[in-house]
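Asks: My structure is below; once you've seen it, I'll send some questions.
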Amino acid sequence: MTDNPKPETDAIHAGEQEADLSVSSGDIVSPIHVATHHEMEQPGESGHGYKYSRFGNPTRESLENRLAALTGADYATAFSSGTAAIATAALALCDSGDQVVAFDGIYGGTRLLFEDLLCTKLDVQVEYVDATDLGAVKEAVTSNTSLIWVETPTNPLLKLCDLDAIAEIATRNQVRLCVDNTFATPIFQQPLDQGADLVVHSTTKYLNGHSDSTGGAVATNESALADRVAELQEYAMGNLMSPFDSYLVLRGTKTLPLRMRQHEANAAVVAEFLDEHPSVRSVHYPGLESHPQHDLASAQMDGFGGVVSAELDATDAETRAVVEELDLFRTAVSLGGVESLVDHPWSMSASFIPPEERRDAGISESLIRLPVGIEHSDDLIADLEQGLDNLRSE
């Protein structure tokens, strides 16, 4: 392959194994290797590099090589879920007695994991701050801080933080920076290029893109960090991605650049429609000029993503009625598939967070989250229009 290929090329070719046509069938795509163990040439020695599936699988390795190429990393590790990737990354960077500074807008599931795994089990203190305020991040860092953890954009309010500036804070204090890049994907944002030490992804979302695989990934340029992540996966947790899921994500990444452009194009149309609708109080989408961090998004990202959230001028019951009225926007959690979804965070994706914490985080009963798919935008707008018009008629 050419030197420094573009993401569109890496998405298709990186990680595919070049076949020796004299001895193979010349597969254009990586086959699914389901073997749990591999024959060795002699005890403890394997010329092909594989011994036992927990320590390496050809299909998973193909995916990891592609994810490394897409994320601009030297190393990538594929996990059985996004949560598994998050847990392993956190454990790789934290010891008992450490402090973690985390964006207060991070995914609620990550917050629960931190509180249970880090705080309760490891005696790690987690300090949540508004990472849109660089002064708050600086003030929160102490001599015990080992990790700064951020998402940008956040779920579900699409807040951003300045990665260059936070990476500078981390470097100055000799603290690691980990970025959950699930919403932006490697197509729209490259945190490792902006100073992050680790990047995590839920491959369940856009990287797979077809709502039929659960997985996660951790990527880094540091060999020692990569070794620690792999060691935790192989020897302590065993939370590796299966060969079939690896194949599904390999397949999904081939169309990732194309899909992300269509997700973004549709999300922009949806955001503009909602922004002008009389039954909508506010819209959260960094592609809108009215978004308070639109300029940062324009400078930091190569695209604004495919998720829109909106605060309706409605009660809890009325908001639920709008969600139930929608047709093309199917009511479901998760995001990143080709189909459009609608989520009522209060009763769905954020329901496990105590009510007061939800309100403090800006999640109200009238908030809806719209992961916008790649259907025709005219049909999506028509669906939203009929759902919101039903609200106005009440």
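Asks: I'm trying to understand the selection: among the residues of the stretch 29-67, which are among the β-branched types (V, I, T), surrounded by 13 or more Cβ atoms within 10 Å (Cβ to Cβ) and either outside any loop (DSSP other than H, G, I, E, B) or out of contact with any Ser or Thr (no Cβ under 7 Å at 6 or more places or on another chain) (or both)? I'd like the intermediate steps shown before the answer.
Replies: As a first pass, look at the stretch 29-67 and keep what is among the β-branched types (V, I, T): 29, 32, 34, 36, 59.
Applying the additional criterion that residues be surrounded by 13 or more Cβ atoms within 10 Å (Cβ to Cβ) yields 29, 32, 59.
Correct list: V29, T59.
Asks: Please pick out the residue among L384, L370, L335 that is in a helix (DSSP H, G or I), crowded, with 19+ Cβ neighbours inside 10 Å, at pLDDT 95 or above and not polar (S, T, N, Q).
Replies: Only one candidate passes the filter, namely L384.
Asks: OK, next. Report yes if A299 is in contact (Cβ under 8 Å) with a residue 12 or more places away in the chain, surrounded by fewer than 21 Cβ atoms within 10 Å (Cβ to Cβ) and out of contact with any strand residue (DSSP E or B) (no Cβ under 6 Å at 6 or more places or on another chain), otherwise no.
Replies: Answer is no for this residue.
Asks: For the stretch 304-322, does any single residue satisfy the condition of being buried (at least 16 other Cβ atoms within 10 Å of the Cβ), modelled with pLDDT of 95 or more, of a type in the set (S, T, N, Q) and within 19 Å of H263 (Cβ to Cβ)?
Replies: yes
Asks: A further question follows. Take the residues in the stretch 68-94 that are in contact with a helix residue (DSSP H, G or I) (Cβ under 8 Å, 6 or more places away or on another chain) and among the hydroxyl-bearing types (S, T, Y), then tell me which one is surrounded by the most Cβ atoms within 10 Å (Cβ to Cβ).
Replies: Residue satisfying both the conditions and the ranking: T71.
For every residue, the table says whether it meets (1) of a type outside the set (D, E, K, R); (2) out of contact with any Asp or Glu (no Cβ under 7 Å at 6 or more places or on another chain); (3) assigned by TED's automatic domain parsing to the domain that holds L177; (4) farther than 21 Å from T142 by Cα.
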| residue | (1), (2), (3), (4) |
| --- | --- |
| E64 | no, yes, yes, yes |
| L67 | yes, yes, yes, yes |
| G72 | yes, no, yes, yes |
| T83 | yes, yes, yes, yes |
| A92 | yes, yes, yes, no |
| G97 | yes, no, yes, no |
| V101 | yes, no, yes, no |
| D104 | no, no, yes, no |
| G108 | yes, yes, yes, yes |
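Asks: Let me ask something else about it. Which residues, counting only those in the stretch 307-332, are among the polar types (S, T, N, Q) and assigned to a loop (DSSP other than H, G, I, E, B)? Lay out the reasoning, then the answer.
Replies: Going through the stretch 307-332, the residues among the polar types (S, T, N, Q) turn out to be 309, 315, 319, 331.
Answer for the stretch 307-332, where residues must be among the polar types (S, T, N, Q) and assigned to a loop (DSSP other than H, G, I, E, B): just T315.
Asks: For residues in the stretch 209-221 being crowded, with 24+ Cβ neighbours inside 10 Å and not hydrophobic (A, V, I, L, M, F, W, C), which is nearest to T110 (Cα to Cα)?
Replies: G216
Asks: S242 passes all but one of (1) more than 22 Å from F183 (Cβ to Cβ); (2) buried (at least 16 other Cβ atoms within 10 Å of the Cβ); (3) assigned by TED's automatic domain parsing to the domain that holds R320; which number fails?
Replies: (3)
Asks: Still on this structure, I have one more. Look at the stretch 95-118 and say how many of its residues are without any contact (Cβ under 8 Å) to a residue 12 or more places away in the chain and either surrounded by 17 or more Cβ atoms within 10 Å (Cβ to Cβ) or not in a helix (DSSP H, G or I) (or both).
Replies: 0
Asks: Let me ask another. Here is a check on your reading of the model: is D360 within 25 Å of the chain's Cα centre (by Cα) and under 30 Å from K6 (Cβ atoms)?
Replies: So D360 fails the test.
The values are calculated or read from the model by the stated rules, or taken from the named source; none is laboratory data. Keep in mind it's a predicted model, so treat the numbers as computed, not measured. Note that each Cβ is placed from the backbone with ideal geometry, even for glycine, and that neighbours are counted across all protein chains shown.
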